[in-house]
1. Right, residue 31: in a helix (DSSP H, G or I), more than 16 Å from the ligand (Cβ to nearest atom) and within 15 Å of residue 9 (Cα to Cα) or not?
2. Kindly indicate whether residue 56 is in a loop (DSSP other than H, G, I, E, B), away from the ligand (no atom under 12 Å from the Cβ) and surrounded by 14 or more Cβ atoms within 10 Å (Cβ to Cβ).
3. Looking only at the stretch 64-75, decide whether some residue is away from the ligand (no atom under 15 Å from the Cβ), within 12 Å of the chain's Cα centre (by Cα) and assigned to a loop (DSSP other than H, G, I, E, B).
4. Anything in the stretch 85-106 that is surrounded by fewer than 16 Cβ atoms within 10 Å (Cβ to Cβ), within 11 Å of the ligand (Cβ to nearest atom) and without any contact (Cβ under 8 Å) to a residue 12 or more places away in the chain? List them, or say none.
5. In this structure, is residue 36 more than 15 Å from residue 119 (Cβ to Cβ) and surrounded by fewer than 12 Cβ atoms within 10 Å (Cβ to Cβ)?
6. Considering only the stretch 59-77, state which residues are more than 24 Å from residue 41 (Cβ to Cβ), in contact (Cβ under 8 Å) with a residue 24 or more places away in the chain and exposed (fewer than 13 other Cβ atoms within 10 Å of the Cβ).
Ligand SMILES: [Zn+2]
């Protein structure tokens, strides 16, 4: 990640942490153990998979209810970062509903999720 991208991600995580709801999410023991077992690279692969299948399409299936609240670190991170559904993605990241995500938007979402996970995993 270059310096500009890092600043954008940090600013975003900072404003998300000021939301009482978004800031209420954390990694439980079970989710941390899942990272211990699989490693962050694997978690990132899962993040790409979830985002591409469940968030990136023009009209995702069950939009607004496609992301469980727990049991996978990426799910938790999605709620914490406002990337759980297209409504939250529009509200928090100004990414419009009804348009398929571009590759760079998918990369941004995954980077944000992974940064949140790395901070909470420590
Ligand atoms: Zn949502």
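1. Numbers: in a helix (DSSP H, G or I): yes; more than 16 Å from the ligand (Cβ to nearest atom): yes; within 15 Å of residue 9 (Cα to Cα): no.
No: the conditions fail for residue 31.
2. Working: in a loop (DSSP other than H, G, I, E, B): yes; away from the ligand (no atom under 12 Å from the Cβ): yes; surrounded by 14 or more Cβ atoms within 10 Å (Cβ to Cβ): yes.
Yes, satisfied.
3. Restricting attention to the stretch 64-75, the residues satisfying the condition of being away from the ligand (no atom under 15 Å from the Cβ) are 71-73.
When the remaining residues are screened for being within 12 Å of the chain's Cα centre (by Cα), the result is 72-73.
Now narrow it down to the ones that are assigned to a loop (DSSP other than H, G, I, E, B): 72.
Among the residues of the stretch 64-75, at least one is away from the ligand (no atom under 15 Å from the Cβ), within 12 Å of the chain's Cα centre (by Cα) and assigned to a loop (DSSP other than H, G, I, E, B), which makes the answer yes.
4. Across the stretch 85-106, the qualifying residues are 90, 91.
5. Working: more than 15 Å from residue 119 (Cβ to Cβ): yes; surrounded by fewer than 12 Cβ atoms within 10 Å (Cβ to Cβ): yes.
The answer is yes for residue 36.
6. 59
Each row is one residue, and each column tells you yes or no for (1) in contact with a helix residue (DSSP H, G or I) (Cβ under 7 Å, 6 or more places away or on another chain); (2) farther than 14 Å from residue 115 by Cα.
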residue: 20; (1), (2): no, yes
residue: 32; (1), (2): yes, yes
residue: 43; (1), (2): yes, no
residue: 51; (1), (2): yes, yes
residue: 66; (1), (2): yes, yes
residue: 76; (1), (2): yes, no
residue: 85; (1), (2): no, yes
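The numbers here are math on the coordinates, done by the rules we state, and not lab data. Predicted model only: the values in this text are computed from it and were never measured. Cβ coordinates were reconstructed from backbone atoms using ideal geometry, including for glycine residues, and neighbour counts include every protein chain displayed.
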